[in-house]
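This report refers to the structure that appears directly beneath it.
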Amino acid sequence: MDLQLSGKTAIVTGATAGIGLAIATTLAREGVSVTITGRGGDKLDAAVQRIAAAAPGSRVTAVVADQSSAEGAARLIEAQPDADILVNNLGYYEAKPFAEITDEDWLRMIEVNVMSGVRLSRHYFPRMLQKNWGRVIFMSSEVGAFTPPDMVHYGVSKSAQLAVSRGLAELTKGTGVTVNSVLPAATRSEGIVEYLRQTAPRAGMTDAQIEAHFFQTYRPSSLIARMIEADEIAAMVALLASPLGAASNGAAVRVEGGSFRSIL
C-alpha cells in the first residue's frame, strides 16, 4: 500500500533504538526525509546507518541534541525549523515503590516523557496549522490508561501525554492537521527483556519462559499473549502519519494486543 508520504519530512525523537528506530525506518522506507535526535556517539551514528541500509536512497539526518532539556529542543528547532510529521517518542520507564519515588524522580519523568514533546509541539504544531497540513503523534503507553502500582510516576507521565494530545487535537478543527497518541504494550527490546527478567519467579528460566510467565501473571487479558514487535507499532504510526490516516484525530490508538477488555 502506498501511504502517500513520499516527499514529507519527519522528526522522530528517541529514535536510536527500539520503537523510535522502527518508526524512523518505516517512514524512511515510505519516502519520508527523516530527522532523528540523540545525545551523539556511536549509537546515533549506528541508527543513521541502519535506517539508510534499510531504506536505500532515503534522506536521514541526525541532530545531536538531548530532547529532555529546553536547550536540546532549541538546538533541534534551529537545525530543523520545519517538519510535516512530529513523532514525540522520547521516553523512559522505571519500576520503583511509590514511597521511594523522590521529587527528583518525578520531575525527571515529567521532563523527559512529557515536556520533551510539549516543547517541540509548541514550535512545530502552529506551523502545521499555518500550512494546513501536519501530523503530531505522541507515543504514550498502555499504562496511560491504567497506572501500574510499581511505576506510578511513569503511568502519570503517559496519562499526561494523552491529555496534551487530545487538547492539541481540539485546536485542529476544520484543518488538515491531526494529533493522535499511540498506546503500545510491552514491546520487544533489550530494556524490556531485562525488566521482564526481574519478574522471573525462579532462577534459570529462559527468556521465553519468563515472557510466558509475565503474560500469564501480569497481563492475563492480553489476547496475543506475547510481546509486540517494534515494527508492528511503527506500521500503525506510519498510517496515522499519512494522508490515509486523516480521519483519525484526537484518538488514543491502542496497539496493545487486546489487553484492554473495554470496547472503547
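The values are calculated or read from the model by the stated rules, or taken from the named source; none is laboratory data. These figures come from a predicted structure and were not determined experimentally. Neighbour counts are summed over all protein chains in view; Cβ atoms, including those assigned to glycine, are modelled from backbone coordinates with ideal geometry.
Does residue 211 meet the test of being among the acidic types (Asp, Glu), buried (at least 20 other Cβ atoms within 10 Å of the Cβ) and part of a helix (DSSP H, G or I)?
Judged against the criteria, residue 211 is a match.
Which condition does residue 151 not pass, out of (1) under 29 Å from residue 6 (Cα atoms); (2) surrounded by fewer than 23 Cβ atoms within 10 Å (Cβ to Cβ); (3) over 15 Å from the mean Cα position of the chain (by Cα); (4) in contact (Cβ under 8 Å) with a residue 40 or more places away in the chain, if it passes all the others?
Going through (1) under 29 Å from residue 6 (Cα atoms); (2) surrounded by fewer than 23 Cβ atoms within 10 Å (Cβ to Cβ); (3) over 15 Å from the mean Cα position of the chain (by Cα); (4) in contact (Cβ under 8 Å) with a residue 40 or more places away in the chain one by one, residue 151 breaks only (1).
What are the residues in the stretch 159-170 that are in contact (Cβ under 8 Å) with a residue 60 or more places away in the chain and either under 16 Å from residue 98 (Cβ atoms) or buried (at least 23 other Cβ atoms within 10 Å of the Cβ) (or both), if any?
Once the filter is applied, which keeps residues that are in contact (Cβ under 8 Å) with a residue 60 or more places away in the chain and either under 16 Å from residue 98 (Cβ atoms) or buried (at least 23 other Cβ atoms within 10 Å of the Cβ) (or both), the stretch 159-170 yields 161, 165.
Scan the stretch 174-198 for residues that are part of a loop (DSSP other than H, G, I, E, B) and either touching a Ser or Thr at 6+ places or on another chain (Cβ under 7 Å) or acidic (Asp, Glu) (or both) and jot them down.
185
Determine whether residue 39 is assigned by TED's automatic domain parsing to the domain that holds residue 162 and closer than 13 Å to residue 13 by Cα.
Criteria met by residue 39.
Considering only residues that are part of a loop (DSSP other than H, G, I, E, B) and surrounded by 18 or more Cβ atoms within 10 Å (Cβ to Cβ), look in the stretch 86-103 and name the one that is nearest to the chain's Cα centre (by Cα).
The extreme case among them is 89.
With respect to the numbered conditions (1) surrounded by fewer than 18 Cβ atoms within 10 Å (Cβ to Cβ); (2) closer than 30 Å to residue 132 by Cβ; (3) in contact (Cβ under 8 Å) with a residue 24 or more places away in the chain; (4) not hydrophobic (A, V, I, L, M, F, W, C), which one is the sole condition not fulfilled by residue 173?
In the conditions (1) surrounded by fewer than 18 Cβ atoms within 10 Å (Cβ to Cβ); (2) closer than 30 Å to residue 132 by Cβ; (3) in contact (Cβ under 8 Å) with a residue 24 or more places away in the chain; (4) not hydrophobic (A, V, I, L, M, F, W, C), residue 173 misses (3) alone.
What residue, among those in the stretch 21-51 that are among the small types (Gly, Ala, Ser) and more than 19 Å from residue 236 (Cβ to Cβ), is nearest to the chain's Cα centre (by Cα)?
38
Looking at (1) farther than 15 Å from residue 234 by Cα; (2) surrounded by fewer than 21 Cβ atoms within 10 Å (Cβ to Cβ), can you tell me which one residue 18 breaks?
Of everything listed in (1) farther than 15 Å from residue 234 by Cα; (2) surrounded by fewer than 21 Cβ atoms within 10 Å (Cβ to Cβ), residue 18 misses just condition (1).
Do you know which of the residues in the stretch 178-207 that are of a type in the set (Val, Ile, Thr) and farther than 16 Å from residue 252 by Cα is surrounded by the fewest Cβ atoms within 10 Å (Cβ to Cβ)?
206
Give the residues of the stretch 194-214 that are among the basic types (Lys, Arg) and free of Cβ contacts under 8 Å to residues at least 12 places away in the same chain, sorted by residue number.
The one that is among the basic types (Lys, Arg) and free of Cβ contacts under 8 Å to residues at least 12 places away in the same chain: 202.
Return the residues of the stretch 176-193 that are farther than 17 Å from residue 16 by Cβ and either of a type in the set (A, V, I, L, M) or free of Cβ contacts under 8 Å to residues at least 24 places away in the same chain (or both); say none if nothing qualifies.
If the condition is that a residue be farther than 17 Å from residue 16 by Cβ and either of a type in the set (A, V, I, L, M) or free of Cβ contacts under 8 Å to residues at least 24 places away in the same chain (or both), then 177, 179, 182, 183, 185, 186, 193 are the ones that fit.
Residues are listed down the side, and each one gets a yes or a no for (1) modelled with pLDDT under 95; (2) over 30 Å from residue 224 (Cα atoms):
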site: 128; (1), (2): no, yes
site: 156; (1), (2): no, no
site: 176; (1), (2): no, yes
site: 182; (1), (2): no, no
site: 190; (1), (2): yes, no
site: 199; (1), (2): yes, no
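What's the total number of residues in the stretch 92-114 that are closer than 21 Å to residue 138 by Cβ and modelled with pLDDT of 95 or more?
Residues that pass the stated criteria total 9.
Here are 117, 72: which of them is part of a helix (DSSP H, G or I), in contact with a Phe, Trp or Tyr (Cβ under 6 Å, 6 or more places away or on another chain) and not acidic (Asp, Glu)?
Among 117, 72, only 117 is part of a helix (DSSP H, G or I), in contact with a Phe, Trp or Tyr (Cβ under 6 Å, 6 or more places away or on another chain) and not acidic (Asp, Glu).
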